[in-house]
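Colleague: One structure, pasted below without further comment.
The values are calculated or read from the model by the stated rules, or taken from the named source; none is laboratory data. Because the structure is predicted, anything quoted here is derived from the model rather than measured. Here the Cβ is made from the backbone with ideal geometry for all residues, glycine too, and neighbour counts use every protein chain on show. Calculation scope for accessible area: heavy atoms of the full protein, side chains included, ligands and nucleic acids excluded. Shrake-Rupley method; radii C 1.70, N 1.55, O 1.52, S 1.80 Å.
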Amino acid sequence: RDLEWKVKMVTAVASREKAKLQAMLHEKGIKYRSVREALKSTGLSVASSVSSRARGPGSSRSSSGEGEGEAADCLDSEVVHQLQHEIGELQRRMNDQKTTIRSFNNPYQRSPVPPEFADTTTMGMTSNSSNSNGKRDIDSKGTDGSKGTDGNLTAVCIAGALRTFLQAEVQKSFVEMLHHPGYEYFVVTDVPWPKDHESLAIRPIRSWVYGGVQGEIDSGRPGPRMDELSTCPNRTCNSHRYLYPAIAPRLKECYREIQREEGRRGIRYLTVFKIRPDHIVTRRIGPLGPTIAYAHPAKTVHIYDDQMALARREDAAVIFLAPTVAYTSCADYSQWQLACGELMVPRDRFERCITDLEEPCEPMRLIVPFSNAERVLALPWHPRQWAPGHRGPTTAGDWCLKRPLYTVDDQMSPCREESGCMAC
């Protein structure tokens with residue numbers, strides 16, 4: 001009931017803000033149309049009036065008469081430009097409000113998972129089992145444990161828009177290149193359990209949650225004039241905040257589902273891993289816990305941009321909950337320095353973030369200053385590289401993204417469901 005009340009309140013506030021923005025946009029539109037009509041009466045357009053400022057007052061007069069030049073000189077083109085900018089800003093804010101309303105009107109729900117996909121048999125060895133070297137497996141606290149916890153279980157969070165997840169090539173890569181005994185899957189996406197679930201090859205799927213923003217997120221993406229600069233306080237930046245609805249709420253739902261499964265079965269996962277539904281793994285990856293997560297001290301997390309993240313279970317909140325703050329906050333120099341480390345050298349990287357919206361490093365690294373993590377390391381894998389004009393990859397790699405579109409000469413073209421149709 002408390003959640004429903006919060007949703008209603010947020011929706012009501014967003015709706016009121018939307019109505020206010022619509023009224024402001026209507027007022028600006030009237031002013032803009034009146035200016036346009038005034039120009040039209042003299043045979044001019046808004047664009048020609050604005051450009052006349054750049055050409056100079058003398059060059060605006062044509063040989064056919066002085067009427068156009070006089071109209072352009074009398075009309076302050078800066079006013080027209082300002083109106084255009086304000087209308088664009090209002091439309092951007094309107095899109096943000098639509099995204100907010102759409103998110104809260106579509107809360108996350110849990111789809112029933114058929115029994116054959118949610119087999120409760122633990123695929124990994126328990127903490128009382130021995131590994132191939134005769135040594136006891138460690139439990140979730142890093143000891144040899146004797147409480148019967150499923151010590152080497154890994155919770156794999158598959159979070160993001162479903163996209164190409166159900167394609168045979170993607171499923172095959174999850175099963176043959178990524179999966180190991182003890183991996184259990186939690187899917188958080190934009191659509192309910194698929195009717196054509198026969199194509200699903202991964203097991204076991206412990207949870208399938210859907211809701212939130214559906215499809216692609218474009219609202220708020222920095223435009224050519226970089227309107228997003230005005231939305232952060234002076235000397236701070238983070239232009240990737242528009243991605244919040246597509247990333248942070250889904251990761252939070254993953255965390256909730258992992259906790260729910262642990263409580264239901266009385267277990268605790270050893271390792272947590274986040275990956276996108278449209279990833280294709282092209283090289284066999286070893287067990288994530290012993291080879292990466294537990295090869296480094298606690299409070300160390302491993303990421304690749306916002307696409308993949310790996311941590312010990314005790315640090316799960318860093319990769320699942322801290323992005324809620326990282327993707328809603330503007331960061332100053334000291335925070336970016338904590339996030340990026342050596343990547344912040346030289347300092348002009350931060351200056352470019354202020355002036356050109358070029359982040360010093362992946363914004364996901366902001367989970368460090370906004371959590372108890374001590375450092376972020378890059379996952380030791382490399383994506384396949386593509387070059388404009390090439391249908392195939394130019395270099396080998398460990399993984400790539402299977403998209404419905406591919407890039408040829410900087411143009412997006414339809415991508416058939418075929419082997420190798422990927423982009424990084």
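Colleague: Name the single residue, out of those in segment 231-265 being assigned to a loop (DSSP other than H, G, I, E, B), open to solvent by 40 Å² or more (accessible area, probe 1.4 Å) and touching a residue at least 12 places away in the same chain (Cβ under 8 Å), that is farthest from Thr355 (Cα to Cα).
Modeller: Pro233
Colleague: Still on this structure, please answer the following. Give me the residue from segment 320-329 that is in contact (Cβ under 8 Å) with a residue 60 or more places away in the chain and part of a loop (DSSP other than H, G, I, E, B) and, out of that set, most open to solvent (accessible area, probe 1.4 Å).
Modeller: Once the filter is applied, the top-ranked residue is Thr328.
Colleague: Okay, moving on. Just checking, which of Ala339, Ala311, Ala317 is within 20 Å of Tyr183 (Cα to Cα) and in a helix (DSSP H, G or I)?
Modeller: Among Ala339, Ala311, Ala317, only Ala317 is within 20 Å of Tyr183 (Cα to Cα) and in a helix (DSSP H, G or I).
Colleague: Okay, moving on. Being at pLDDT 95 or above, open to solvent by less than 10 Å² (accessible area, probe 1.4 Å) and of a type outside the set (A, V, I, L, M): is that true of Tyr269 here?
Modeller: Spelling it out, Tyr269 is indeed at pLDDT 95 or above, open to solvent by less than 10 Å² (accessible area, probe 1.4 Å) and of a type outside the set (A, V, I, L, M).
Colleague: Right, next: I'd like to check something: does segment 340-349 contain any residue that is over 16 Å from Tyr304 (Cβ atoms), open to solvent by less than 20 Å² (accessible area, probe 1.4 Å) and modelled with pLDDT of 90 or more?
Modeller: no
Colleague: Do you know which residues across segment 166-198 are open to solvent by less than 40 Å² (accessible area, probe 1.4 Å), of a type outside the set (A, V, I, L, M, F, W, C) and outside any loop (DSSP other than H, G, I, E, B)?
Modeller: Passing the criteria: Gln171, Ser173, Tyr183, Glu184, Tyr185, Thr189.
Colleague: State whether one or more residues within segment 278-292 are within 20 Å of Tyr242 (Cα to Cα), buried (at least 20 other Cβ atoms within 10 Å of the Cβ), at pLDDT below 95 and not basic (Lys, Arg).
Modeller: Scanning segment 278-292 turns up no residue that is within 20 Å of Tyr242 (Cα to Cα), buried (at least 20 other Cβ atoms within 10 Å of the Cβ), at pLDDT below 95 and not basic (Lys, Arg).
Colleague: Residues to consider are Asp332, Asp409; find the one that is at pLDDT 75 or above and surrounded by fewer than 19 Cβ atoms within 10 Å (Cβ to Cβ).
Modeller: Asp332
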